[in-house]
Amino acid sequence: MAAISYKNASCVYPGADTLAVDSLNLDIADGEFVVLVGPSGSGKSTALRMLAGLEEIDDGHILIDGKDMVGVSSKDRDIAMVFQNYALYPNKTVGENMGFALKMRGVPTDERKRKVEEAAKLLDLTDYLDRKPAKLSGGQRQRVAMGRAIVREPRVFCMDEPLSNLDAKLRVQTRTQIAALQRRLGTTTVYVTHDQVEAMTMGDRVAVLRFGKLQQFASPTDLYDRPANAFVAGFIGSPAMNLFTTRVVADGLDVARSTLRLPRETLAALSSRNLDTVTVGIRPEEIQLGADDGFDVTVELVEELGSEAYVYTRNTGEPLRGLDGEPMDFCARTQGRMPARLADTVKLKVKPEGRIHLFDPTSGERIVH
């Protein structure tokens, strides 16, 4: 096990005019499960490969247990990598795949067999040790790849989108197994994914990246409840937060010609910044459907999920504008089997106890902390 620190770590690929990872600062505790998440091109996989020694650290430092990894080869970092494509030897059995790295290290046969059997028991692979990878399902192959990493007993696990090749049901099942296994082993783990639901359900803390820059590093709950900027607010949560720009008026915000009242301290924060417009974020669960004093919207899609439903609507009165300047679409969460139907005109309003997030319309930074 090991503590990891990124200290202004940067990486640029030859011929590129921008940094793939730009001055990344992260402190990962010993035994912690940290997820790097972001859209394609955000630098999350590059940051992981820098830790593993597969990409050069062009500026700054990465420390493992206080030791600087600049110039240290990948094989000397005591890190086990789990890839998206499994990377199993097709001509070797499950047991041979799991024990191959130990064999190359010269580990005696008896000890190698014991470690493989222990890992197989953890991963429920005992009955498959004599099979070839071609005779396994996708989830079983991924567990073999995990087993190959476990038998090495490394200081750090690095996992680069290991569930991307699995179907939806198997992804849910396998991510639960990986999270439970990591907590049992207590090995420091850095996990990369583009799936924010995966990040929120697995990580002790989550680092959100965009264009190579760290946007926020916090627990899943803090990311959801207190996003640091409008990008994190829109990226974390499924369905996404409703984000739109509107005018600041005397008592609050102008929302489709009605006033959404704000607390006095929030109004003071807006006044101190001399803002006449603000970016507003509201989660779908904070919106009430069918309120008499709400604003008119047209139902464009209803997603029935059984216990609940998500209603996607288009503002039909005075249009609110989304961040792209287009008329705003709203998503509201309601109880399942609600009466709204396609093309119905209904009213929306923010629930009296609903949480509202405010962001600077220029920088996107959170206004009230």
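So the values come out like this:
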quantity: Cross-link table Lys67/Lys115; Lys44/Lys213; Lys103/Lys135, entries beyond 18 Å C-alpha to C-alpha; calculated: Lys67/Lys115; Lys103/Lys135
quantity: Rg followed by Dmax, in Å, when segment 1-98 is reduced to its Cα trace; calculated: 15.0, 45
quantity: Among Gly95, Gly31, Gly66: highest mean-square fluctuation, GNM of the chain, C-alpha pairs under 10 Å; calculated: Gly66
quantity: Segment 187-267 shape via C-alpha gyration tensor axes, a/c threshold 1.5; calculated: prolate
quantity: Relative packing of peptides 260-269, 300-309 - highest average C-beta neighbours within 10 Å first; calculated: 260-269, 300-309
quantity: Whole-number Å³ per residue for the convex hull built on Cα positions in segment 242-310; calculated: 111
quantity: Net length gained if the chain between Arg114 and Ala180 were fully extended (0.36 nm per residue, minus Cα distance); calculated: 21.6 nm
quantity: Residue among Asn85, Asn274, Asn97 with the largest mean-square fluctuation in a Gaussian network model of the chain, springs linking Cα atoms under 10 Å; calculated: Asn274
quantity: Under 9 Å, Cβ to Cβ, from Arg171 - net charge with Lys/Arg +1 and Asp/Glu -1; calculated: -1
quantity: Per residue convex hull volume, Cα atoms of segment 43-177, in Å³; calculated: 123
quantity: Within the accessible area of the chain (1.4 Å probe), percent carbon and sulfur; calculated: 47
quantity: Whole-number D in µm²/s for segment 115-170 (Stokes-Einstein; Kirkwood sum over Cα pairs; 10 °C, 1.306 mPa s); calculated: 132
quantity: Rg to Rh, two decimals, where segment 121-239 supplies the alpha carbon set and Rh follows Kirkwood; calculated: 1.02
quantity: Under 12 Å, Cβ to Cβ, from Gly43 - net charge with Lys/Arg +1 and Asp/Glu -1; calculated: +2
quantity: At 1.002 mPa s and 20 °C, Stokes D of the chain from Kirkwood alpha-carbon radius, µm² per second; calculated: 93
quantity: Unit Cα scatterers, Debye sum, segment 72-125: log10 I(q)/I(0) for q = 0.23, 0.31, 0.32 Å⁻¹; calculated: -1.09, -1.26, -1.26
quantity: Rough spin-label spacing in nm, given labels placed 7 Å along Cα→Cβ, for Lys67 and Val172; calculated: 4.3
quantity: D_trans [Stokes-Einstein, Kirkwood Rh over alpha-carbon pairs] for segment 191-349, 10 °C, 1.306 mPa s, µm² s⁻¹; calculated: 93
quantity: Ala101 paired with Ala134, simple spin-label distance in nm, labels 7 Å along Cα-to-beta-carbon; calculated: 2.6
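The values are calculated or read from the model by the stated rules, or taken from the named source; none is laboratory data. On a predicted model such as this, the values are computed, not experimentally measured, just so you know. Every residue, glycine as well, gets a Cβ built from its backbone with ideal geometry; the counts of neighbours run over all protein chains shown. Note: areas computed on protein heavy atoms with side chains; ligands, DNA, RNA excluded. Shrake-Rupley method; radii C 1.70, N 1.55, O 1.52, S 1.80 Å.
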